[in-house]
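Quick note: the coordinates plus some simple rules give every number you see, no bench work behind them. Worth saying up front: this structure is predicted, and the values here are computed from it rather than measured. Heads up, the Cβs are rebuilt from the backbone with ideal geometry, glycines too, and the neighbour counts pull from every protein chain shown.
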Amino acid sequence: MAENRASVYAEGVPCWVDAQLPDVDAGRRFYGELFGWAFEEAYGSSVWARLDGEPVAALAHKTDGRMPTVWTVSFATPDAEATVRRIRTAGGQVVTAPAPVDGAGVAALAADPEGAVFGLWQAGGHPGFGVRHRPGAFAWAQLYARDTGAANTFYGHLFHEALFGPGAEPDFGRAPVSDVFPDVMPPHFLVHFGVDDCEAALGAVNRLGDGCRRGRSPPRTERWPSSRTIRGRRSRCSSAEPSRPRGRGRGECGCGCGCGYGSGDVRAGRAPVQVPTCAYMK
């Protein structure tokens, strides 16, 4: 397994995650109890989540309520400007050009050729995760793509050493969207967090988020390299945030609940279980 922390993460290594939420205070309560996170004010309107004093994630308020509630994974880069040039050359798009973030580093937002959105982070005062690969911290990022071969080509071009170089132990997998989600789901990333006990974590989600409504299909096990995924197929979940009004059309969300296509997972050891961030309440 890769190192748990680094002064500066190597290019292509997932180094940070942030959630765009309609209610940051509600997110603080939910994730604080679920993962034992403490929080402090950060740049702009965002807050940093800390686990045993180490930074593990950020929560920020959505500036546009029409946008999905989503976790975004950022990959380390030594030169954000150079990386976005390679993204454009390879057929991707730059959603937000590289911009400095209060001395912490340089951030950018991009999309691959199929439209899956991810971040870039050029470290300054903030290198990224202070800890990972442990309960309550980042464990894995999974890309659900329509064409995994094309995804391997695109991300291999961007982050070859991290994904395919000698001794590489990536925290980033690729799988077909249709393996887990309805065919209409757009390509997207899913972030996973570590937990000690998957069933206990799901029980906490059920209690904190007013329940997780599953579809008729039972949970299943998928094999990944050195991991086991337990997931409810086409699960229907209420909120990973406390209540919010209905009003979005169904079928837009990556977990199938209808309010957006982003979600997060919790993960016991190397076994992730979905904890949606989509916030569709009953």
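Computed over the stretch 1-134, the convex hull of the alpha-carbon atoms projects to a mean area of 8.4 nm². Note that the stretch 17-27 has calculated 3J(HN,Hα) couplings of 9, 9, 10, 9, 10, x, 9, 5, 4, 5, x Hz, one per residue in order, obtained from phi through the Karplus relation 6.51 cos²θ - 1.76 cosθ + 1.60 (θ = phi - 60°); glycine and proline are x.
Each Lys or Arg adds one and each Asp or Glu takes one away; over the other residues whose Cβ falls under 15 Å from the Cβ of F159, this sums to -3. Please state the shape class of the stretch 75-144: rounded when a/c is under 1.5, otherwise prolate if a/b exceeds b/c and oblate if not, all from the C-alpha gyration tensor. Note, shape of the stretch 75-144 comes out oblate.
For the stretch 40-79, a/c is not less than 1.5, where a ≥ b ≥ c are the root eigenvalues of the C-alpha gyration tensor, and a/b does not top b/c. That puts it in the oblate class. Counting only Cβ charges, +1 for Lys and Arg and -1 for Asp and Glu, the dipole size of the stretch 104-190 around its Cα centre is about 280 debye.
Taking amide hydrogens as placed 1.01 Å from N in the peptide plane, the amide H of A57 sits under 5 Å from those of A49, each at least 5 positions away in sequence or on another chain.
Before anything else, pin down the relative contact order of the stretch 96-139: Cα pairs under 8 Å, at least 6 apart, normalised by residue count, whole percent. Reported relative contact order: 29 percent.
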